[in-house]
Structure formats: structure tokens, C-alpha cells
1. Please go through region 150-196 and give me each residue that is of a type outside the set (Lys, Arg) and within 14 Å of Phe219 (Cα to Cα), ordered by number.
2. Restricting attention to region 150-205, report how many residues are more than 25 Å from Gly9 (Cα to Cα) and part of a helix (DSSP H, G or I).
3. Under 7 Å between Cβ atoms, at least 6 apart or on separate chains: pull out the pairs that start in region 179-198 with a residue that is crowded, with 16+ Cβ neighbours inside 10 Å and end on any residue that is aromatic (Phe, Trp, Tyr) and in a strand (DSSP E or B).
4. Considering only residues that are aliphatic (A, V, I, L, M) and free of Cβ contacts under 8 Å to residues at least 60 places away in the same chain, look in region 113-131 and name the one that is surrounded by the most Cβ atoms within 10 Å (Cβ to Cβ).
5. Can you pull out every residue in region 92-102 that is of a type outside the set (A, V, I, L, M), outside any loop (DSSP other than H, G, I, E, B) and buried (at least 17 other Cβ atoms within 10 Å of the Cβ)?
6. Which residues, taken from region 175-206, are under 16 Å from Ala138 (Cα atoms) and not small (Gly, Ala, Ser)?
7. I'm told Cys134 meets every condition in (1) crowded, with 16+ Cβ neighbours inside 10 Å; (2) within 24 Å of Ala54 (Cβ to Cβ); (3) not aromatic (Phe, Trp, Tyr) except one. Can you identify the failing condition by its number?
8. Counting only residues that are part of a strand (DSSP E or B) and among the acidic types (Asp, Glu), which one in region 103-141 is nearest to the chain's Cα centre (by Cα)?
Amino acid sequence: MSFSSQTKGELARVMPSKKCCMLAEITGFLRVAGSLRLAGGGKFTIVASTENPAIARHYKTLIKEYFGSNAGIEVGNSQMPGKSRGNYRYRYSLVIRPDEKSSQILRETGMMLIREGDEFLSDGIYQPIVRSKCCKKAYLRGLFLGVGTMSDPKKSYHLEFVLNSEHVAHDLRKLIGSFVDLSAGLIERGEEHIVYMKRAEYISDMLGIMGANEAMLEFENIRIGRGLRREVNRISNCDNANVD
């Protein structure tokens, strides 16, 4: 299992203790992993997809706990080539239909807003959801479980969020920057907007902020080991140079 998958597995076991944090985490995940299908009568079905069944089950549980909605889980094949049967990964889609409170969920997560009596779909991070520090942490966890990934720290230090929305990307940078001594870069990769971190201390802090404490400790152990090896190599090279 990759370090990124291991981290997501740990985060998918985190259950927020506060209702506000439940809503924040649900909102973060749906914002980046969700899409809408017309269901007739001006209503929508929410579909949020992931290749990790534990993540799908986690949000099914959270949505049931917070909204009392019994979301379904549909299994299909991902378009991304993989190692699973048929050379495709399975994709697990969380499906919330109108009779399971999809309209209420859209409103409370700020994905659907009202202006001058008319409903419209919003973009960006809905700021009322992330006013408190605990909710910011929960929101980041939802974003990472939706579109986050990180490299194997034994090879390199890199954590990123792959976003389709430029507005969400800019809002995410601001959200990350609201934490002391933390910042992230932003680049475009084709039509995608990538919010990323390459500094080891930032990545370690981000893991802790999101609640991946086991991953953070393992990351730090690997980081210390790499640092010691570099120092040993440096001393060895200096000794060899002095001998020469």
C-alpha cells in the first residue's frame, strides 16, 4: 500500500466529535469529489466518487449521522487504468437522491445558494463553513480524501490537491495560509489547478492538522532517517577528501 493510500485509510477512520466539523468535512469532500445529476422537477442527485471503498463508507456514515440521509453506494469501473480485474480500478460512487435530502444537503453545504429569490450553484470554499479552526481542519481532511495525494517520503516530499476549479484552488491556498507557519504553492497542469507543498515541515504539519497522526509520526521518522543518512554521507565525503 502506498504512503498516500495508507494516510487516506487513517483519515477515513477519523470521526468528528462535533456536528459543525461533520458538516465541514462533508462539505469539503462533496465540493471536490461531487457532481450533480438532474433528477427532474428542478431537483438534483448528488454523486461523489472515489476509488477507495473505505472513503465511500466513511462519508455514507457521516452523511447518515449528520443529515439522517441514507446515501447509496454504487460500484463501477474507473476510466483510469489500474491493476484491478479487467485492468481498471473500481470506482465507488456515493449517491444521494432527492428523496434522501439532496436539496437540503446542497443548501447546508453552501453548494446551492439563493440570490434575490433564485437558487444557483456556488463555486469556491463556502466561508461560513470554515470560520472555526476545528472546522478548517475537518474541511481540509475532506478535500484531501477527495482529491489529495502525496509521494512516498522515502523518495521525495510532495503533497498536493488536484482541483478542477480555479476558485477553489485560490480559496484553498488562503485556507492553508490561515494556519501559522504554513503555506502552499499553486500551479496549473493542463486544465487542473494544483495546490501543493514540497517542504517537509509543511507536509508534516498538514498531516497533523488533518488528523493523520500515525502518518505524521511515520513521515517524521522517515525524514529523520533521511537526514541522518545525508549527514553520514557528508562526513564520509569530507573524510575521504581529507585523506586524498
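1. Met150, Ser151, Asp152, Pro153, Ser156, Tyr157, His158, Leu159
2. Of the residues in that region, 6 qualify.
3. Between residues of region 179-198 that are crowded, with 16+ Cβ neighbours inside 10 Å and residues that are aromatic (Phe, Trp, Tyr) and in a strand (DSSP E or B), the close pairs are Ala184/Tyr196; Val195/Phe161.
4. Leu113
5. Hits for region 92-102 are Tyr92, Ser93, Glu100, Ser102.
6. Scanning region 175-206 gives Leu175, Ile176, Phe179, Asp205, Met206.
7. Just one mismatch for Cys134, condition (1).
8. Ranking the qualifying residues of region 103-141, first place goes to Glu119.
The values are calculated or read from the model by the stated rules, or taken from the named source; none is laboratory data. Bear in mind that the values here come from a model prediction, so they are computed numbers and not experimental data. Note that each Cβ is placed from the backbone with ideal geometry, even for glycine, and that neighbours are counted across all protein chains shown.
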